[in-house]
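To start, the structure itself, in structure tokens.
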Amino acid sequence: MILDARDFPDGHSLTSDICVVGAGAAGISLALELANTQFSVLVLESGGLKPEQETQNLYAGTVVDERLHSLPDRYRQRRFGGTTTIWGGRCMPFDAIDFEARDYVQHSGWPINLDALTSFYPKANQLCEAGQFAYTSTSAFNKPLRPMIKGFRSLNFSTDTLERFSCPTDFGARYGNRLETAQNVRILLHANATSLDLDKDGHQLNSVAVTTLPGRRLNVRAHQFVLANGGLEVARLMLASRGVHANGIGNHHDVLGRYYMCHIAGTVGALTIYGPLDSVWNGYDISDEGVYCRRRIALNSTTQREYHLANFVARLHHPRITDPAHKNSILSSLYLAKFLIPYEYGKRLHGDERADLKTWLKHIRNLSMGPFDAAKFAWHMLRDRRLADRKFPSIIIKSKANLYSVDFHAEQEPNPHSRVTLDHSVDALGMPRLKIDWRYSKTDVHTVSKSLELLATDIAQSGTGKLAYDPANLEYEMTRYGAYGGHHIGTARMGTNPTSSVVDSNCRVHGIENLHIASAAVFPTSSQANPTLTIIALTLRLAQRLKNMLLNT
Amino acid sequence: MKQNILVVGSDNVVGSRIVNTLQTSDWATAVPLQQASDLSTYKLEDVTGIVNCTMGGPAAILASAQRLFETVKNDDDRTRIVHLSSMTVYGSVNRKVDENAHLLADLGPYGAAHIRAEEIVNGHLNTVTLRPGCEYGPGCPQWSVKLARLLQAHRLGDLGIKGDGLCNLIYIDDLVNAVLTALRLPDLGGERFNLSIPSPPTWNEYLISFGIALGAVPVRRITVRQLKLETRLYALPLKLAEIVTRQLKIGATHPPPAITPSFLMLCGQRIQLDSSKAERLLSLQWTSLAEGLKNSAAAIFENSLVDSKHL
């Protein structure tokens, strides 16, 4: 059943066995898992079924350095379906090493290991419509794939692992009907959770205060509560709930909001692959189920330990679009059409340098040199991306000169000084706004620079090509576009010790009997992997626990 | 001495499989009848059971049930009737249903005919009613052969939100076993049984797995736009072509199958048949989906009903 909070009278009270705050990837997965059980489920969603600017504005906040981190209302969507309404769909599980306490990665280590999620990943994959849970080329394909770089052999890197792509699935559009028809699930739209109200001892959450934009106040009581409102908003809501604990809920030891991570990402270098054009394959392979898969160059765990590196993957990429020196008509056409591309995907197209007339003219010249290639590409993007339900995931350009760049995506070291706090200003509901102070560390720079050095060496030693880049300029390149947008991790980290973590190994907030978190906020470390698949796997694990808890009570 | 079992609807795939299985058994002799009107040619005293697996439109289903009842109404409930009904009797519900669930005639004349047919034949107290889901397996025209052709043509595949319903499959051999058990077990008169594998896949899962088994890969994601075209534009002429071809008995000519609105509706329906009663009382063992799909695909290739060039 889908309801609207604006239809209830002021002061109305709702009750449920389980109350879920947020209807994004985590909230909807949780509700689906609890659908058609004996327990009543109430999901609070701030937005409606469509985007609404007034609601989206509730995400607005500030950042300490806008060059390093985009504003908080970017890369997030406050509506039914959450950020899955705009995500890119890249799926991959965490690696076993990501869960380990590594002495060379400060504050690393989860209280659970990969085995705790193994049984939940396949279902998470299914919900993302990413096909079977097979993340190596040998397990996902019946026949050998063409080599990524012919003849490339490395003891440090594997080219066998895959990333798989969701449609990308908009969880609201895809699963809304299933939730609407579930007998025990109610979705309450336009319901903004503005405060978590504890009992007087501060050990039990009694209710969630809900406010609508027109100003009506509702009250939701439940046996169990789950915050599934995203890595930034979880911290904001808990920090702002100061009725009993002055520093906010789950923040006795000033951990909440700290250790904020994204990913370290960038595009660097000039990678030349020797030999004929078929010596290299940088595109997608389609699995039997029709899912786009792409191989990466993944740093193996032995090398990570040996050189004290965090996790790291790289992909073969096209040259930087903004620089017309690539002389590629397709890339130049993208540059010229950048104003048509949404901010979240267009940021890297716009670049950080000011384009002068000369640059524009060079791009136009590139386009005029290959108008048929550009037209063919436009048709491909129209047919396989714009009009397709399963969308071609990204721009893939096959270089006619075997010339590529390296697109990397690296784990970020947890850092207590990288944090989100509450600002002095408030939103339209009176909630304090967020202030984001994202920081990276020397370990992050070391991970990227050493990994690229190893990759350059291995490519040269295998005689397959040459990777040229400027090591002195690397720190600039890895922060050129700031933190990787949309991955909000670590603000309510998981751990066994309440003095250094916010939730326990079951995602329950330390010291609060009935408050759980389903979000990347609980990840103690970020891995190289995009977070959505692991958020869902962890949420499914939480759903199982909640069912068991309620059955036992 | 072997028992005589009349099989009404012996020309369809389920009926013919029942006939063949009975013929090779050591306890029964099958008497195949194409339609219920043929019942009058047999003396009921020599018959211990009748299986009604009439398929077709609402009129045929009702006429068959009526004729069957007329035939046995004076035999003091001696003859065991096994009547094959359908899951459509539960209508458009979206939940798990057992045999006691309310029947709902909101899916059109076909479902309504099955409900009425059940009422008619159950006027005879020694009737066992089976409500199978979607019969699949070698030769099954609706849920194997037709779907195979559509998958090979990449007109079906992953249907996204439209294929989120549950696919209550029953492998043809399991259905035949259920019929045979229902014929032989005493004290089942008046019982009704749902027949579907436990934990049914979604339609998307079934179609993707079947597509892979057929080698129709990569299985395509079918857009909502394309499905609209299929059901609103192409379905009617294709259905008419199918009827004309059938009426004219044009042997090997098969027009492309239609994707009808009712099929698409079924693909989105989250009904789950609870078959635990059949497991319990009929001691049914279910053929695994993997095994069933393997056999279905093998039969498709063997009979060259669809292009197997991709294998």
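The values are calculated or read from the model by the stated rules, or taken from the named source; none is laboratory data. Because the structure is predicted, anything quoted here is derived from the model rather than measured. Cβ placement follows ideal geometry from the backbone for every residue including glycine, while neighbour counts extend to all protein chains displayed. The area values use the complete protein model at the heavy-atom level, side chains included, leaving out ligands, DNA and RNA. Shrake-Rupley method; radii C 1.70, N 1.55, O 1.52, S 1.80 Å.
One residue is enough: does the range B:96-103 have a residue meeting the conditions more than 27 Å from residue A:180 (Cβ to Cβ), in the same structural domain as residue B:64 (by TED's automatic domain parsing) and modelled with pLDDT of 95 or more? Scanning the range B:96-103, I find at least one residue that is more than 27 Å from residue A:180 (Cβ to Cβ), in the same structural domain as residue B:64 (by TED's automatic domain parsing) and modelled with pLDDT of 95 or more, so the answer is yes. Residues considered: A:394, A:368. Of these, the only one that is hydroxyl-bearing (Ser, Thr, Tyr) and under 19 Å from residue A:88 (Cβ atoms) is A:394.
Of the residues making up the range A:183-203, one or more are touching a Leu at 6+ places or on another chain (Cβ under 7 Å), at pLDDT 95 or above and within 14 Å of another protein chain (Cβ to nearest Cβ).
Give A:475, A:411, A:453 a once-over and let me know the one that is surrounded by fewer than 18 Cβ atoms within 10 Å (Cβ to Cβ), under 26 Å from residue A:158 (Cβ atoms), in contact (Cβ under 8 Å) with a residue 12 or more places away in the chain and not hydrophobic (A, V, I, L, M, F, W, C). Show your work before the answer.
Values: A:475 fails: under 26 Å from residue A:158 (Cβ atoms); A:411 fails: surrounded by fewer than 18 Cβ atoms within 10 Å (Cβ to Cβ).
None of the other options fit; the residue is A:453.
Among residues of the range A:374-399 that are within 14 Å of chain B (Cβ to nearest Cβ), those with a Cβ under 6 angstrom from a residue that is assigned to a loop (DSSP other than H, G, I, E, B), sequence gap 6+ or separate chain, pair up as A:384/A:392; A:385/A:391; A:385/A:392; A:389/B:223; A:390/A:167.
Scanning the range A:273-282 for residues that are farther than 17 Å from residue A:296 by Cα and not aromatic (Phe, Trp, Tyr), we see that the one that is surrounded by the most Cβ atoms within 10 Å (Cβ to Cβ) is A:275.
Please verify whether residue A:116 is more than 19 Å from residue A:28 (Cα to Cα), in contact with a helix residue (DSSP H, G or I) (Cβ under 9 Å, 6 or more places away or on another chain) and in contact (Cβ under 8 Å) with a residue 24 or more places away in the chain, treating the condition exactly as stated.
Considered against the rule, which asks whether it is more than 19 Å from residue A:28 (Cα to Cα), in contact with a helix residue (DSSP H, G or I) (Cβ under 9 Å, 6 or more places away or on another chain) and in contact (Cβ under 8 Å) with a residue 24 or more places away in the chain, residue A:116 comes out as yes.
Evaluated against (1) more than 14 Å from chain B (Cβ to nearest Cβ); (2) surrounded by 23 or more Cβ atoms within 10 Å (Cβ to Cβ); (3) within 19 Å of the chain's Cα centre (by Cα), residue A:83 falls short on exactly one condition, (2). Residues that are surrounded by 24 or more Cβ atoms within 10 Å (Cβ to Cβ) and at pLDDT 95 or above number at least 3 in the following strands (runs of 3 or more DSSP E) confined to the range A:1-60: A:13-21, A:41-44. Applying the criterion of being touching a strand residue (DSSP E or B) at 6+ places or on another chain (Cβ under 8 Å) and of a type in the set (D, E, K, R) to the residues of the range A:266-309, the residue that is nearest to the other protein chains (Cβ to nearest Cβ) is A:289.
Conditions tested, residue by residue: (1) at pLDDT 90 or above; (2) assigned to a loop (DSSP other than H, G, I, E, B).
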residue: A:275; (1), (2): yes, yes
residue: A:306; (1), (2): yes, no
residue: A:310; (1), (2): yes, yes
residue: A:319; (1), (2): no, yes
residue: A:322; (1), (2): no, yes
residue: A:348; (1), (2): no, no
residue: A:375; (1), (2): yes, no
residue: A:385; (1), (2): yes, no
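Can you name the condition, by its number, that residue A:507 falls short on among (1) touching a residue at least 40 places away in the same chain (Cβ under 8 Å); (2) closer than 23 Å to residue A:184 by Cβ; (3) crowded, with 24+ Cβ neighbours inside 10 Å? Only one criterion is unmet by residue A:507, namely (1).
Going through the range A:229-250 one residue at a time, which ones are touching a residue at least 24 places away in the same chain (Cβ under 8 Å) and open to solvent by less than 10 Å² (accessible area, probe 1.4 Å)? Give the steps one after another, and end with the answer.
Filtering the range A:229-250 down to residues touching a residue at least 24 places away in the same chain (Cβ under 8 Å) leaves A:229-241, A:243-245, A:249-250.
Once the filter is applied, which keeps residues that are touching a residue at least 24 places away in the same chain (Cβ under 8 Å) and open to solvent by less than 10 Å² (accessible area, probe 1.4 Å), the range A:229-250 yields A:231, A:232, A:234, A:235, A:236, A:237, A:238, A:241, A:249.
Of the residues B:207, B:248, which is over 30 Å from residue B:77 (Cα atoms) and within 20 Å of the chain's Cα centre (by Cα)? Don't jump to the end; show me each part of the working.
Working: B:248 fails: within 20 Å of the chain's Cα centre (by Cα).
Just a single option satisfies the conditions, and that option is B:207.
Can you find a residue in the range A:148-169 that is farther than 30 Å from residue A:93 by Cα and more than 26 Å from the chain's Cα centre (by Cα)? Among the residues of the range A:148-169, not one is farther than 30 Å from residue A:93 by Cα and more than 26 Å from the chain's Cα centre (by Cα), which makes the answer no.
Number of residues in the range A:61-80 that are open to solvent by 50 Å² or more (accessible area, probe 1.4 Å) and out of contact with any Phe, Trp or Tyr (no Cβ under 7 Å at 6 or more places or on another chain) equals 5. Residue A:130 - would you say it is surrounded by 22 or more Cβ atoms within 10 Å (Cβ to Cβ) and assigned to a loop (DSSP other than H, G, I, E, B)? In short, yes.
Is it the case that some residue within the range B:289-298 is within 14 Å of another protein chain (Cβ to nearest Cβ), open to solvent by 30 Å² or more (accessible area, probe 1.4 Å) and in contact with a Ser or Thr (Cβ under 9 Å, 6 or more places away or on another chain)? Explain how you work it out, then say what you get.
Narrowing the range B:289-298 to residues within 14 Å of another protein chain (Cβ to nearest Cβ): B:290, B:293, B:297.
Okay, now just the ones that are also open to solvent by 30 Å² or more (accessible area, probe 1.4 Å), so B:290.
From what's left, in contact with a Ser or Thr (Cβ under 9 Å, 6 or more places away or on another chain): B:290.
The answer is yes; a qualifying residue exists.
Within the option set A:101, A:25, being at negative phi, in the same structural domain as residue A:525 (by TED's automatic domain parsing) and not acidic (Asp, Glu) holds for one residue only, A:25.
Among the conditions (1) more than 25 Å from residue A:436 (Cβ to Cβ); (2) among the β-branched types (Val, Ile, Thr); (3) outside any strand (DSSP E or B), the only one that residue A:234 does not satisfy is (1). When the range B:194-221 is filtered for residues that are within 14 Å of residue B:277 (Cα to Cα) and either within 14 Å of chain A (Cβ to nearest Cβ) or in contact with a Pro (Cβ under 9 Å, 6 or more places away or on another chain) (or both), the ones remaining, listed by number, are B:194, B:195, B:196.
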